[in-house]
Amino acid sequence: MISIAKPLIGDEEKRAVLEVLDSGMLAQGPRVKAFEEAFAALCGVQHAIATSSGTTALHVALLAYGIGPGDEVITSPFTFIASANSVLFTGARPVFVDIDPATFNLDPALIEAAITPRTKAILPVHLFGLMADMDAIQAIADKYGLAVIEDACQSHGAALHGKRAGAWGTGTFSLYPTKNMTSAEGGMITTNDARIAENCQVIRQHGMRRRYYHDELGFNFRMTDVHAAIGLAQLHKLEQFNAARIANARYLNANLRGVGVPITPEGYTHVFHQYTIRVPDGRRDALAEHLEANGIGTGVYYPVAIHQQTYYTRQLGYNQRLPEAERATQEALSLPVHPALTQAALETIVASVNGFMERA
Ligand SMILES: *Cc1c(COP(=O)(O)O)cnc(C)c1O
């Protein structure tokens, strides 16, 4: 079986975890601090704040900007549910803007029409490892005085004009096992804003600025040193992992026939968290079944756009049409691209896809 994702854990991670266990310091401590510093350096930012997951990173970052009830946050409908749910957790309302079909990312040309007096932030998602159009999004945010919180949970190491994901606005990352790098579970917030960084640290730890003095509401969203030790070992391998993903994607792009392959626009570094094709003419699910039968794992990210998820329609009353996001839920299919793929596996994937598309 050629799996859709495969975390690569080596001796470095194992040794690092054992060192933490032997040290007796298990919760948030020196490893978390070292991981934060290394992650900030990776992104080219001043501050990084580790959290327990990508979801809590998003939640904390939104709260750090004071976003809450009565506010609106503009985001993508074609993403993992956490991008929008984190907005709900604060009491604010996610406002969905359709995607650019060429990139699967927020279409900046549609953002201004969605801005209201309640809009406080834009939350672009860098889906599948490709950054959203941050030049255009930042220009709109500047014009209207909005915060920019990047959902970079799929884009560790991605860049636009050489400037990394997480260095444009305030960045949020997931360190879940299937992501480009992992800490088992974990998250990271990146920012150049010292005030936001401090707010994040306080919200992560029970709203505590001074030990056992609580002037505001916070959470326990800390990372442990055990997780940070894994993350730090993975961070040193990220560039190598991403280079392998990019090489695998290049091979697939050059050899697949009859399907829409992912593009990398000029100026972007795409790190291929997913390699997502478009399958035309309603044949996506049949191709996925054919590949499964040939021992190739695939993924449908995502089968339902967020504005059409039952909780959003039934409980929250969302009722809008976003045609490109809805079309993407029918056509998108992710193929294996992870760094552990062999040349033989890549050739099997190409032969199976091309064989099916030629016959169809
Ligand atoms: C994985 C992911 C998240 C959530 O991260 P967790 O670590 O699973 O909480 C949020 N947004 C996107 C786009 C993701 O892919």
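The values are calculated or read from the model by the stated rules, or taken from the named source; none is laboratory data. Computed from a prediction, not measured in an experiment: that's the story for all the values here. Here Cβ is always computed from backbone atoms with ideal geometry, including for glycine, and neighbour counts include all displayed protein chains. Areas reflect the complete protein model, heavy atoms only, side chains present, ligands, DNA and RNA absent. Shrake-Rupley method; radii C 1.70, N 1.55, O 1.52, S 1.80 Å.
Quick look at the numbers
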{"read-out": "Test: A141 is touching a Gly at 6+ places or on another chain (Cβ under 6 Å), among the small types (G, A, S), at pLDDT 95 or above and surrounded by 16 or more Cβ atoms within 10 Å (Cβ to Cβ)", "value": "no"}
{"read-out": "Pair list, Cβ < 6 Å and 6+ apart or interchain, from segment 194-207 residues that are in contact (Cβ under 8 Å) with a residue 24 or more places away in the chain to residues that are open to solvent by 10 Å² or more (accessible area, probe 1.4 Å) and part of a helix (DSSP H, G or I)", "value": "I203/L63"}
{"read-out": "Residue count, segment 179-213 (criterion: surrounded by fewer than 16 Cβ atoms within 10 Å (Cβ to Cβ) and either aromatic (F, W, Y) or near the ligand (Cβ under 9 Å from one of its atoms) (or both))", "value": "2"}
{"read-out": "Unmet requirement for K163, which otherwise passes all of (1) more than 13 Å from the ligand (Cβ to nearest atom); (2) under 30 Å from V17 (Cβ atoms)", "value": "(2)"}
{"read-out": "Test: residue in segment 215-224 that is surrounded by 22 or more Cβ atoms within 10 Å (Cβ to Cβ), at pLDDT 95 or above, over 15 Å from the mean Cα position of the chain (by Cα) and more than 16 Å from the ligand (Cβ to nearest atom)", "value": "no"}
{"read-out": "Restricting segment 122-138 to residues that are away from the ligand (no atom under 11 Å from the Cβ), among the aliphatic types (A, V, I, L, M) and not in a loop (DSSP other than H, G, I, E, B), the residue that is surrounded by the most Cβ atoms within 10 Å (Cβ to Cβ)", "value": "I122"}
{"read-out": "Members of segment 308-321 found to be of a type outside the set (S, T, N, Q) and either touching a strand residue (DSSP E or B) at 6+ places or on another chain (Cβ under 6 Å) or farther than 12 Å from F96 by Cβ (or both), listed by number", "value": "Y311, R314, G317"}
{"read-out": "Residues located in segment 63-80, provided they are within 12 Å of the ligand (Cβ to nearest atom) and either of a type in the set (A, V, I, L, M) or open to solvent by 10 Å² or more (accessible area, probe 1.4 Å) (or both)", "value": "F80"}
{"read-out": "Single match in I277, I230, I263 (criterion: surrounded by fewer than 16 Cβ atoms within 10 Å (Cβ to Cβ) and among the β-branched types (V, I, T))", "value": "I263"}
{"read-out": "Selection count where residues are of a type in the set (D, E) and either closer than 18 Å to E150 by Cβ or part of a loop (DSSP other than H, G, I, E, B) (or both), scope segment 26-71", "value": "2"}
{"read-out": "Within segment 82-109, considering residues that are farther than 20 Å from S155 by Cβ and either modelled with pLDDT under 95 or part of a loop (DSSP other than H, G, I, E, B) (or both), the one most open to solvent (accessible area, probe 1.4 Å)", "value": "G91"}
{"read-out": "Failed item, numbered, when R15 is tested on (1) at pLDDT 95 or above; (2) within 19 Å of the chain's Cα centre (by Cα); (3) basic (K, R)", "value": "(2)"}
